[in-house]
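Shown next, in structure tokens, is the structure this report addresses.
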Amino acid sequence: MHAESTPRTGGIHDERVSTMGRRRFMDTLRTLGFGLLSSLFLTTEDVLAADDDEVPVVYGLTRDDGELRPRHKTVPADWYDDFREALAAHDRLGAIATEGVANSAVEPGEYGGANAAIRVEVTAEEARGAVPEAIDQVPVEVTRVDSRSRKTDPEELSNPSAPTDPGVPGSVAVSNGEMFGTLAPALRDPADGSTYFATANHVFGGSDNQGEPFYLLDGDRTRIGTVSAGFPKADLVCATPEEEFEPLHRIRDVSPGRVLGQFTRAGLADLKAEGEPLQKIGVKTGHSAGQIQAVDGLTCAYGAICKNGQIKWGRESGFSDGDSGSVNFHPDPENPDAGVLVGGLNNARTWWPGENYIWGTGAYHITEKHGYTF
């Protein structure tokens, strides 16, 4: 059920979009709740091509001669409105500010099935009563989880990455000299086209890691870069490559392994609604796949820093220490034989009874907050 005052995206079909100028068209999309990406990238032709009960969405961004290009598809208008309302309700809920709440996230609805819901995990039973059963007609499901902490020790990598060419793909082992993680495929700054090596920030510890060496574990320790920026809230660290090394838009040991771009938040919700899995390749557990459970997550369960823009997917058995920094991905819906689109950066898994998934920072969140794209 939708609130009466909420704009309906399907109302775009009641507008004379074919006679609108670009500025008015963009303003109309924003007024109806389509969001920033849609207002920037959708065209009147996209709207006119959709059926009356459908709306166009931007499900992904790809690189084309250095420029970001949107990927469009049509989705049921009611499903999209339901998802948008759940995202807005999740923002207003603010459950994570309640003592005893570990995390919260939005579970997108199904096509022709259940509506979207907000999932909240609490570590104390009394916190359950502080979380409402619904907010703005969006149901809130609460689960009790174990509050025990988890201690980990740096592990030795038993299967180091093989020596590589100067071009280095994602999913090989990297290290700061003490701990190791999995390299993400190349991260790009659209502002100037420069590319960076990237992995999980917690592999390098804290927020004061600029200037630290970035090693490739290739049977030895080869310095391939220097940390240029760390973003603890996104659990992302970027490294400027040494002159003789190049970050590649590619993932090792998967075919096709070329990274063509990334999914938007709506694109991830669409994959969930379609029952399409994400995959990852980590240096400890190798290749695994699993279903998307929730997006737009907020968690304070890992260390002292709360993290926004999280994806819940897969099962904890598909992730282990050393896999942090790997990306989750799915074949490009339009060109599955050409490459993949990234969903996000993996950084943790559940270790408590009651829940079973992998956490990761959404690529869309990294782009929104820091400007980088895969």
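The values are calculated or read from the model by the stated rules, or taken from the named source; none is laboratory data. All values reported here derive from a predicted model rather than from experimental measurement. Cβ coordinates were reconstructed from backbone atoms using ideal geometry, including for glycine residues, and neighbour counts include every protein chain displayed. These area figures cover heavy atoms from the full protein model, side chains too; ligands, DNA and RNA do not enter into them. Shrake-Rupley method; radii C 1.70, N 1.55, O 1.52, S 1.80 Å.
Out of PRO256, PRO277, which single residue is out of contact with any Asp or Glu (no Cβ under 6 Å at 6 or more places or on another chain) and free of Cβ contacts under 8 Å to residues at least 60 places away in the same chain?
Values: PRO256 fails: free of Cβ contacts under 8 Å to residues at least 60 places away in the same chain.
Testing whether each residue is out of contact with any Asp or Glu (no Cβ under 6 Å at 6 or more places or on another chain) and free of Cβ contacts under 8 Å to residues at least 60 places away in the same chain leaves just PRO277.
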Q: For TRP79, work out the one condition from (1) in contact with a Phe, Trp or Tyr (Cβ under 9 Å, 6 or more places away or on another chain); (2) loosely packed, with under 14 Cβ neighbours inside 10 Å it doesn't fulfil.
A: (2)
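The rows are residues; the columns are (1) modelled with pLDDT under 95; (2) open to solvent by less than 40 Å² (accessible area, probe 1.4 Å).
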position: GLY35; (1), (2): yes, yes
position: PHE41; (1), (2): yes, no
position: PRO56; (1), (2): no, yes
position: ARG63; (1), (2): yes, no
position: ARG69; (1), (2): yes, no
position: ALA95; (1), (2): yes, yes
Q) Which of the residues that make up region 204-221 are surrounded by fewer than 18 Cβ atoms within 10 Å (Cβ to Cβ), among the polar types (S, T, N, Q) and touching a residue at least 24 places away in the same chain (Cβ under 8 Å)? A) SER207
Q: Can you tell me which residue within region 132-173, out of those that are of a type in the set (D, E, K, R), in a loop (DSSP other than H, G, I, E, B) and more than 27 Å from ASP323 (Cα to Cα), is modelled with the lowest pLDDT?
A: ASP136
(Q) Could you check region 177-203 and list, in sequence order, the residues that are open to solvent by less than 10 Å² (accessible area, probe 1.4 Å) and in a loop (DSSP other than H, G, I, E, B)? (A) LEU183, ALA184, PRO185, ALA186, ALA200
